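We did not get these values from a lab; they are worked out from the coordinates using the rules stated. What you see is a predicted model, and the numbers here were worked out from it, not measured in a lab. Heads up, the Cβs are rebuilt from the backbone with ideal geometry, glycines too, and the neighbour counts pull from every protein chain shown.
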Amino acid sequence: MLYIIDGTGPWLDSTYDIEMNGSFCKQLNNMTGDRSIYNRGPSLLGTELSTIVDEIYLEIRRRPESEPVYLCGYSRGGAAAVIVARKINPRPVRAMFLFDAVDRAIISTGEKISGNVQNVYHAIRDREFARKYEDEVATTRKQLDKANAALSAKNTGNRIRSALLGGDPKATAQVRNRINAHAVPRNKDRDLKWKTRNATGLSPSNFGNTGLSVLPPGKYDTAKFAGSHGALGGLPWSDHELPGDSKAVPAVRAWMWARLIKEGVLTGKG
């Protein structure tokens, strides 16, 4: 059985499905059908990661020991796969497939994968490619924050005028309390889009990789690709946002798919 854990995304499942549509993890789940179990990744805060790990751990324990275990993860889903392997040790894991696994979790994962994983295949982003565009991303974020602040001020002003002109003491008090508490309204849609993009798109330097080696007797195979964190998961930035990012997607797919075929997870027809 292939246990798949996708990357970070919105808390709401319906929004998550839209944002993560087309990810490599989704593709693998569609291609393997009842031979895989798909798990959505954690939300931006990452508080669900331990729950995801525990659910997969219990599912593996429920199944017969003779059934081969394969793990696959993208982003923090990759970190979850590393933890699952450690929890089921000494039960063997035939292979682990990681798409730019990152350690941005509340629980610590470390960098080494436990030795019960026989083969690890890890596609990692080339940090030099990402670094060239970090300034552009920072500028974009400042522009979005400025736009959000302007919209928030406008919305707050409208609420104040409405409350004062309406003469509703309760409404006026609510507005005053919101201002005093600095609870300025946000453009939630735009804010969500940016935060999701920040998690699944170009990652900053502190968005560090995990699963960078495996303890003996496991074997480790890795390759770097000139693309963003999003592209490594099958979710690239547009060419307008990040020129050349989409080129990494077919390269990552070809590299990982060859190894999925080698391990017998895919048949070679995909």
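Rg/Rh for segment 223-269 (Cα atoms only, Rh after Kirkwood) is 1.08. Modelled spin-label separation between Met1 and Lys247, with each label point placed 7 Å from Cα along the Cα-to-Cβ direction: 4.2 nm. Spacing of the modelled spin labels on Trp11 and Gln118, each 7 Å from Cα toward Cβ, amounts to 4.2 nm. Distance between the modelled labels on Asn30 and Thr47, one decimal in nanometres: 3.3 nm (7 Å Cα→Cβ projection). Length available on full extension from Thr267 to Tyr38: 0.36 nm per residue minus the Cα-Cα distance, which gives 80.6 nm.
Please state the shape class of segment 22-92: rounded when a/c is under 1.5, otherwise prolate if a/b exceeds b/c and oblate if not, all from the C-alpha gyration tensor. Oblate is the answer for segment 22-92, as a/c is 1.5 or above yet b/c matches or exceeds a/b.
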